[in-house]
Amino acid sequence: MFHFINKRLFGVCLLVSFVCVSQAQAEPIVLQLKWKHQFQFAGFYMALEKGFYRDT
């Protein structure tokens with residue numbers, strides 16, 4: 001039940017945002033999120049250290 005309500009609410013919010021965006025003037029938006037180093041990125045850091053992402 002709650003899953004259906006969440007989907008419906010998300011759809012309504014998405015529709016409203018599209019209407020607002022279509023009526024608004026285009027301006028650049030900068031979004032900066034707070035980011036912390038977490039355990040889930042350990043594989044990325046290891047690959048970075050081993051040089052997997054280095055340009056050849």
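The values are calculated or read from the model by the stated rules, or taken from the named source; none is laboratory data. This is a predicted model, so every value here is computed, not measured. Reconstructed Cβ throughout: ideal geometry from the backbone, glycine too, with neighbour counts over all protein chains shown.
Some points to look at:
- In summary, PHE2 fulfils each of the numbered conditions (1) at pLDDT below 75; (2) surrounded by 10 or more Cβ atoms within 10 Å (Cβ to Cβ) with the single exception of condition (2).
- Selection count, the range 8-39, where residues are in a helix (DSSP H, G or I), of a type in the set (A, V, I, L, M) and either at pLDDT 75 or above or on the phi > 0 side of the Ramachandran plot (or both): 5
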